[in-house]
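Contents: one structure, followed by commentary.
The values are calculated or read from the model by the stated rules, or taken from the named source; none is laboratory data. Please read these numbers as outputs of a predicted model, since none were measured by experiment. As a convention, Cβ positions derive from the backbone with ideal geometry for all residues, glycine included, and neighbour counts pool all protein chains shown.
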Amino acid sequence: MQSASALPYVLDGSSSFSAIGKELNFQWSVVYQPVPNAVVLLSPTSVKPIFNTTAAGLYVVQLIVSNKDNPEIQSMPVTFSFVVP
């Protein structure tokens, strides 16, 4: 596996919204990475965390959004994948 360029990637959850206008919590996590410790996820509870990789390959990331006033009310997990060249 080749090394990935050290470019940061910005994840973006800003399209998430509350139908009743409540503030939201964000929880990003890495579900899959090509090798152990290949990613550093900075500010995983922010709407736009920074994703730094150390290896090329497939990455799978998940976002769960919850109501800030009542964190037990959560979205279904949104999972997406992308390839770092």
Of the residues in the range 11-37, how many are modelled with pLDDT of 95 or more and β-branched (V, I, T)? 2
Just to be sure I understand the filter: pairs with C-beta atoms under 9 Å, separated by 6 or more residues or on different chains, first member in the range 12-35 and of a type in the set (K, R), second member surrounded by 11 or more Cβ atoms within 10 Å (Cβ to Cβ) and assigned to a strand (DSSP E or B). Which pairs pass? K22/N67
Anything in the range 61-81 that is in a strand (DSSP E or B) and β-branched (V, I, T)? List them, or say none. V61, I64, V65, V78, T79
Could you check, for the range 36-56, whether at least one of its residues is of a type in the set (F, W, Y) and under 14 Å from P8 (Cα atoms)? yes
Pairs only if they're at least six apart or on different chains, beta carbon under 7 angstrom, first in the range 56-85 and among the β-branched types (V, I, T), second exposed (fewer than 12 other Cβ atoms within 10 Å of the Cβ) and not in a loop (DSSP other than H, G, I, E, B); list them, first residue then second. V60/S81; V61/F80; V83/L58
Checked the range 43-55 for anything part of a loop (DSSP other than H, G, I, E, B) and either more than 11 Å from the chain's Cα centre (by Cα) or in contact (Cβ under 8 Å) with a residue 24 or more places away in the chain (or both); matches are V47, K48, P49, T54, A55
For V40, indicate whether it is under 16 Å from the mean Cα position of the chain (by Cα) and either over 25 Å from M76 (Cβ atoms) or modelled with pLDDT under 90 (or both). yes
